[in-house]
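J.: Following this message is one structure expressed as structure tokens.
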């Protein structure tokens, strides 16, 4: 396809066409197509859970519409929501920001990261990120004309990002470090001690840190990880990005936030205003209600995740499949709504799939009508693993684990031959 800009006789149009051509095709799915669920199929690959919202959230949004609040909000977001986000960051993660000029409401987590990268890097600058990592991050770096450098998360370390892995990959073009806590897809968190070493390294090499805290509400029990933005030596160089999509169930509403030092946040806010003006008022009111009115609903949601986690871990333990879900936090509890399972020990299945995580996902979908996300979708470091979502109903998870055990036993009985 020829972009119209390429046919216009102007330097600006030519520059746009040249940049678009350099992007090439975008492929956030790493070549693995999500299939359309059909009756009887159990989907454990989703990035989000039940979107049935509590009545208080629905009523808050309805009331805002009846009041006629359908126009632009303050460009950085509703003052009440920004203040609530600042309170949440302080209470949960010990991150202290001024809601007036250091918090902006975004159209989801991804917009916050995308805009931050657009502001922070120049063409050819390097962005360090973990491997495995959220699949969309690669494209955000690419669209900012940066170069993504992957720092491996190793199974032997419980998938904890190590300062030494970052240091080994730094160059004179390194500008930004992206931390995802808890990790998507592995669920691991970084210990406070390791974060201190990473913060010192970032200060020494003058790296800006993007702290993706999109899953911070999804911990087992009431546990919380340590955010690097809570460390005094890192607070002044860290932009925190959060989301209301996953744990809060507002995925399609597209609402999140970014927070951090005033100068950086102001610049990112100005770019957001040029692109989207402000985040949807309805979405902001829904997020505000989530933070201020539905504590019991959130507690029940967290408890359901804990139950789901135990169902999946028991099944994986019975099959002898390693997973990092017993680690990541100081008390050994899991830190995300996913379990990242090593499926390579299923020798009979590996004989059928060649050890490929994509082939394993295809095999499980075909044999047992259970869909999981292949680990290679999240980077080379995810090969041989699959991500199992804990968001589906408990009854679906129990049935899916029974199907997994049945399919594995069938493959074993057949000697790894179809």
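None of the figures in this text is laboratory data; all of them are computed from the coordinates on show. All of these numbers come straight from a predicted model, not from anything done at the bench. Using ideal geometry, Cβ is built from the backbone for each residue, glycine included, and neighbour counts are taken over all protein chains shown.
J.: May I ask you to derive the relative contact order of segment 353-408, considering only C-alpha pairs under 8 Å and at least 6 residues apart, and to give it as an integer percent? Please list the in-between numbers first.
T.: On the way: 61 pairs, mean separation 17.0, N = 56.
30 percent.
J.: Please tell me the relative contact order of the chain in percent, rounded to the nearest whole number, where contacts are Cα pairs under 8 Å and at least six residues apart. Walk me through the intermediate numbers first.
T.: Numbers: 815 pairs, mean separation 92.0, N = 418.
In percent, rounded to a whole number, it is 22.
J.: Looking only at the chain, where both bridge partners belong to it, what percent of the DSSP beta bridges are antiparallel (to the nearest 5)? Kindly include the intermediate steps, with their values, before the conclusion.
T.: On the way: 15 of 35 bridges.
Expressed as a percentage, antiparallel bridges in the chain total about 45.
J.: Which percentage, to the nearest 5, of the DSSP beta bridges contained in segment 55-292 is antiparallel? Write down the numbers at each step before the final one.
T.: Working: 8 of 26 bridges.
Beta bridges within segment 55-292, antiparallel portion: roughly 30 percent.
J.: Would you list 94, 323, 71, 225 from fewest to most Cβ contacts within 10 Å? Write out the running numbers ahead of the final one.
T.: Values: 94 13, 323 23, 71 7, 225 26.
In increasing order of surrounding Cβ atoms, one gets 71, 94, 323, 225.
J.: Just check segment 55-292 against the gyration tensor rule for me: Cα atoms, a ≥ b ≥ c as the square roots of the eigenvalues, rounded for a/c under 1.5, and otherwise prolate or oblate depending on whether a/b exceeds b/c. Don't skip to the end; give the middle numbers.
T.: Values: a/c = 1.93, a/b = 1.54, b/c = 1.25.
It comes out prolate by the Cα gyration axes.
J.: Cut-off is 10 Å between beta-carbons; in what order do 122, 237, 387, 145 appear when sorted fewest neighbours first? Mind showing how you got there, number by number?
T.: On the way: 122 10, 237 19, 387 26, 145 16.
Fewest-to-most ranking of 122, 237, 387, 145: 122, 145, 237, 387.
J.: Got the relative contact order for segment 55-292 handy, in percent, Cα pairs under 8 Å and 6 or more residues apart? Before the final figure, lay out each step's value.
T.: Details: 449 pairs, mean separation 70.3, N = 238.
30 percent.
J.: Identify which of the listed values of Rg and Dmax of the Cα atoms in Å was calculated from the structure shown: (i) 24.5, 83; (ii) 33.9, 124; (iii) 21.8, 68.
T.: After the calculation, the listed value that fits is (iii).
J.: So what is the 222 nm mean residue ellipticity for the chain from helices alone, if each DSSP H run of at least 4 adds -39500 (n - 2.57) and you divide by all residues, rounding to the nearest 500 deg cm²/dmol? Could the numbers behind the result be given before it?
T.: Details: 15 runs with 176 residues, N = 418.
Calculated mean residue ellipticity at 222 nm is -13000 deg cm²/dmol.
J.: Here is a further query. Take 81, 148 and order them by how many other Cβ atoms sit within 10 Å, fewest up front.
T.: Values: 81 29, 148 20.
Ordered from fewest to most neighbouring Cβ atoms within 10 Å, 81, 148 come out as 148, 81.
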